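Some notes on the structure that comes next.
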There are 2 protein chains.
Amino acid sequence: MKTVYERADVVPLLAEIFRELGYEGTTLSRITERTGIGKGSLYHFFPGGKEEMAAAVLADVDGWFERAIYEPLRHDDPRAAIDAMWANVMDYFRSGSRVCLVGAFALDETRQRFSPVIRDYFVRWIEALRQALVRAGCAEDDALAAAEEAVSGIQGALVLSRALDDKEMFRRTLDRLADRLAATKRGG
Amino acid sequence: MKTVYERADVVPLLAEIFRELGYEGTTLSRITERTGIGKGSLYHFFPGGKEEMAAAVLADVDGWFERAIYEPLRHDDPRAAIDAMWANVMDYFRSGSRVCLVGAFALDETRQRFSPVIRDYFVRWIEALRQALVRAGCAEDDALAAAEEAVSGIQGALVLSRALDDKEMFRRTLDRLADRLAATKRGG
DNA sequence: TTTGTATTGTACCGATCAGTACAACTGGCG
DNA sequence: CGCCAGTTGTACTGATCGGTACAATACAAA
């Protein structure tokens, strides 16, 4: 039996590996080892090599957040969209046992390779959340700070819950952040 | 002219490199390139190679936090120690342009190599801060949550301010975290 | 100055890195 | 069936990886 992939099948597999090993830690041999996909296929789908693989993974992640989180925050009912955001984030990061690829890339020199994408991912997240807060009746000044606090808080919870190996801590922190955001909407 | 080092001189130089490049991204040749220290010296000071270098760096970082932050939180005047913590954190991380080595190691598979050290660093930070809050008159239940929130918030601010390349965002977030902690002390 | 120890530069090792070349295979379509 | 574009395994390259060996150097003590 022989498996035949197409590019779209490969990207999520790569994403998981980049997430766990980081950009530098991800080697072609470890990709092959974990997925069974050989160099032939990898360079067929991603002629630009490792860098193109990482770029494709980043674009895929970005697209998911755009559709599942940012877009609803901009246009759907703001309270419902914010509730959905918290639920989606909890699921997506598997209660903290899955890392944010973009956040991880931001920390080391990998950032230099992808800095526009990384920056954009967070800028759009914060801005979409800010808009939702304003639409929910939050004061303009408070909205930006609250949005920054929420997005920053999620990243911190990921780092800390992973360091402590404690999923419960992630859930607890996200609940606290959600409560605080809800208080902001009410003008707290 | 020829520079002669001793081990204690080398550790801080290595720390900066591990911080910027991550564990996997740090190679012996890049260490030599950035510091001028050759393999001969490196393996003389750290016979265990790269892993021992990283362990030494982690121990050094841990020691600094222990002396400069945790110990005052446990024994000095709690309000003064908390104020000093915020000031020290701001300086140490250079307004967000310097990354937390321990947090960075926690995100990728490097965690597996050093998981006890990584966990301990954060556990002791949170516990020391919790004690200070209790001593400052905060309720036991609120103290743990507030301490977790502060430490987690710092890590998030590091990720986000680096992703956005925005030192001001780091300062703003730390100020907000500090205010919130102060409110907790007053029983907010 | 001589001696002994600490430190360092250099040459080298096998393993692994990212990337290339290309022949062999696969599956859909006629 | 035969064709063919898309996909894949394998063998290879030169560079770099972490690590070792050891002779040369620097320096403090006598």
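The values are calculated or read from the model by the stated rules, or taken from the named source; none is laboratory data. The model shown is predicted, which means the values in this text are computed figures rather than measured ones. For neighbour counting, all protein chains shown are included, and Cβ atoms are generated from backbone atoms with ideal geometry for every residue, glycine included.
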So A:Asn88 clears everything in (1) polar (S, T, N, Q); (2) within 23 Å of A:Ala132 (Cα to Cα); (3) within 14 Å of chain B (Cβ to nearest Cβ) except one condition, right? Which one? (3)
Being within 12 Å of DNA strand C (Cβ to nearest atom) and of a type in the set (D, E, K, R) narrows it down to one of B:Glu20, B:Glu6, B:Glu16, B:Glu66, so name that one. B:Glu6
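Go through segment A:165-188 and give me each residue that's at the interface with chain B (Cβ under 10 Å from one of its Cβ atoms) and either over 18 Å from B:Gly153 (Cα atoms) or within 18 Å of the chain's Cα centre (by Cα) (or both).
Here is the first cut: in segment A:165-188, the residues at the interface with chain B (Cβ under 10 Å from one of its Cβ atoms) are A:165-166, A:169-170, A:172-173, A:176-177, A:180.
Listed by number, the residues that qualify are A:Phe170, A:Thr173, A:Leu177.
Within segment A:33-42, can you find the residues that are within 9 Å of DNA strand D (Cβ to nearest atom) and either within 14 Å of chain B (Cβ to nearest Cβ) or surrounded by 15 or more Cβ atoms within 10 Å (Cβ to Cβ) (or both)?
Of all residues in segment A:33-42, those within 9 Å of DNA strand D (Cβ to nearest atom) come to A:36-42.
A:Ile37, A:Ser41, A:Leu42 - these are the residues of segment A:33-42 that are within 9 Å of DNA strand D (Cβ to nearest atom) and either within 14 Å of chain B (Cβ to nearest Cβ) or surrounded by 15 or more Cβ atoms within 10 Å (Cβ to Cβ) (or both).
To keep it simple, each residue is scored yes or no on (1) in a helix (DSSP H, G or I); (2) modelled with pLDDT of 95 or more; (3) of a type in the set (A, V, I, L, M).
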{"site": "A:Leu129", "(1), (2), (3)": "yes, yes, yes"}
{"site": "A:Asp141", "(1), (2), (3)": "yes, no, no"}
{"site": "A:Ala145", "(1), (2), (3)": "yes, yes, yes"}
{"site": "A:Gln155", "(1), (2), (3)": "yes, yes, no"}
{"site": "A:Arg162", "(1), (2), (3)": "yes, yes, no"}
{"site": "A:Phe170", "(1), (2), (3)": "yes, yes, no"}
{"site": "A:Ala178", "(1), (2), (3)": "yes, yes, yes"}
{"site": "A:Ala182", "(1), (2), (3)": "yes, yes, yes"}
{"site": "A:Gly187", "(1), (2), (3)": "no, no, no"}
Just need a number here: residues in segment B:72-109 that are farther than 25 Å from B:Arg172 by Cβ and either exposed (fewer than 14 other Cβ atoms within 10 Å of the Cβ) or modelled with pLDDT under 95 (or both). 2
Looking at B:Arg30 and the list (1) within 14 Å of chain A (Cβ to nearest Cβ); (2) surrounded by 16 or more Cβ atoms within 10 Å (Cβ to Cβ); (3) on the phi < 0 side of the Ramachandran plot, which single condition is not satisfied? (2)
Could you check how many residues of segment B:115-164 are facing another protein chain (nearest Cβ under 10 Å), touching a residue at least 12 places away in the same chain (Cβ under 8 Å) and of a type in the set (Lys, Arg)? 1
Among (1) within 14 Å of chain A (Cβ to nearest Cβ); (2) in contact with a Phe, Trp or Tyr (Cβ under 8 Å, 6 or more places away or on another chain), B:Val57 falls short only on (1)
Scope segment A:46-62; condition near DNA strand C (Cβ under 8 Å from one of its atoms) and over 19 Å from the mean Cα position of the chain (by Cα); matching residues: A:Pro47, A:Gly48, A:Gly49, A:Lys50
Is one or more of the residues making up segment A:50-58 among the β-branched types (Val, Ile, Thr) and free of Cβ contacts under 8 Å to residues at least 60 places away in the same chain? yes
